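Below is one structure, written out as structure tokens; the observations come after it.
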Amino acid sequence: MLLHLSDLHFGTEKPECLTAIEDFCRQHRPEVIVVSGDLTQRARFIQFYNCKQFLESLNVPYLVVPGNHDIPLYHLWNRFFSPFVRYQFFFGELEPTLETEHFFIVGVNSIRRRYHTRGYISLEQIQKTNEILKQAPSHKLKLVVLHQPFYTPPDQPHGIKDCPVLGRMALDNWSKSGLFGVLHGHLHKTAVYDLTQIYQLRVDESVYDIHAGTATSYRLYKNLPNSFNVILNDGRVEHYWFDPASKAFVLKTDLYEK
């Protein structure tokens, strides 16, 4: 079981959601945790510190990537010349890789100061990630993690402007190397899309775009509840929503299956 969190936005976190995630981890003992960006609200030292303390307290191996909120917004000097210095002080690599019993996970940093909201993937990142995916064991679920989604439906307010530059090219390459899915956040909305069908990728297997809502922040999308995803070892995706009455994350009834 992989626990997919996103958009923690420490600085706007809800203590009851933090406690509920701790309870979930104690009860279900996930194999790994992935956080797809926006660990903080304003990239402040104390927000990174609190996020780091929380993730360490879960006692589960984890992989994180930065989101657009994890670089300074108002401190222009740091934003342009050292945007990731605080992030790296606490979390090290911007593009980590983690292998567990059932999952092979590759982190990609899609955050650029000039593409603050939309994000960007370079040709070098596409090639590097592709080589890593090729070397991953074929029997494990291969996942790439980055903050911005590769697809949002036309009726959504964000639309294509929040899909990274060169995202389609990345998909064309990674899908041929056994990619199972891409984990995202950013929109604070849960969804799963079949990218193979949407982009007519020339592969036999489906590649999934897996969006997570905000797990812990009060910055909710259209009053949707706080939520996270669980990816089971066989590739099924479950959505858990926070229930204020029980103060716990509960399984949403419509289970998505591959």
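In the set (1) touching a strand residue (DSSP E or B) at 6+ places or on another chain (Cβ under 9 Å); (2) more than 21 Å from Thr253 (Cα to Cα), the condition left unmet by Asp204 is number (1).
Cβ-Cβ contacts under 7 Å between residues 6 or more apart (or on different chains), taken from a first residue in the stretch 16-32 that is closer than 13 Å to Phe228 by Cβ to a second residue that is in a helix (DSSP H, G or I) and among the aromatic types (Phe, Trp, Tyr), are listed as Leu18/Phe54.
Return a yes/no flag: does the stretch 23-44 have any residue that is over 21 Å from Leu251 (Cα atoms), among the acidic types (Asp, Glu) and touching a strand residue (DSSP E or B) at 6+ places or on another chain (Cβ under 7 Å).
To start, the set of residues in the stretch 23-44 that are over 21 Å from Leu251 (Cα atoms) comprises 37-44.
With among the acidic types (Asp, Glu) added as a condition, the list becomes 38.
Next, from what is left, pick out any that are touching a strand residue (DSSP E or B) at 6+ places or on another chain (Cβ under 7 Å): none.
Within the stretch 23-44, not a single residue is over 21 Å from Leu251 (Cα atoms), among the acidic types (Asp, Glu) and touching a strand residue (DSSP E or B) at 6+ places or on another chain (Cβ under 7 Å).
Does at least one position in the stretch 23-41 carry a residue that is among the polar types (S, T, N, Q) and more than 18 Å from His186 (Cβ to Cβ)? Yes. If the condition is being buried (at least 18 other Cβ atoms within 10 Å of the Cβ), of a type in the set (S, T, N, Q) and assigned to a loop (DSSP other than H, G, I, E, B), then the stretch 108-155 contributes Asn109, Ser110, Gln148, Thr152. Among residues of the stretch 167-189 that are under 28 Å from Pro225 (Cβ atoms) and in contact (Cβ under 8 Å) with a residue 24 or more places away in the chain, those with a beta-carbon under 7 Å from a residue that is among the hydroxyl-bearing types (Ser, Thr, Tyr) and assigned to a loop (DSSP other than H, G, I, E, B) at least six positions away or on a different chain give the pairs Gly185/Ser6; Leu187/Thr152; Leu187/Tyr221; His188/Thr214; His188/Tyr221; Lys189/Tyr221.
The single condition among (1) surrounded by 14 or more Cβ atoms within 10 Å (Cβ to Cβ); (2) in a helix (DSSP H, G or I) that Ile105 does not satisfy is (2). In the stretch 114-135, the residues that are under 10 Å from Pro164 (Cβ atoms) reach residues that are of a type in the set (Asp, Glu) and part of a helix (DSSP H, G or I) with C-beta atoms within less than 8 angstrom, at least six apart or across chains, in these pairs: Arg118/Asp162; Gly119/Asp162.
Any read-out appearing in this document is the output of simple, stated calculations on the displayed coordinates, not a laboratory observation. All of these numbers come straight from a predicted model, not from anything done at the bench. For neighbour counting, all protein chains shown are included, and Cβ atoms are generated from backbone atoms with ideal geometry for every residue, glycine included.
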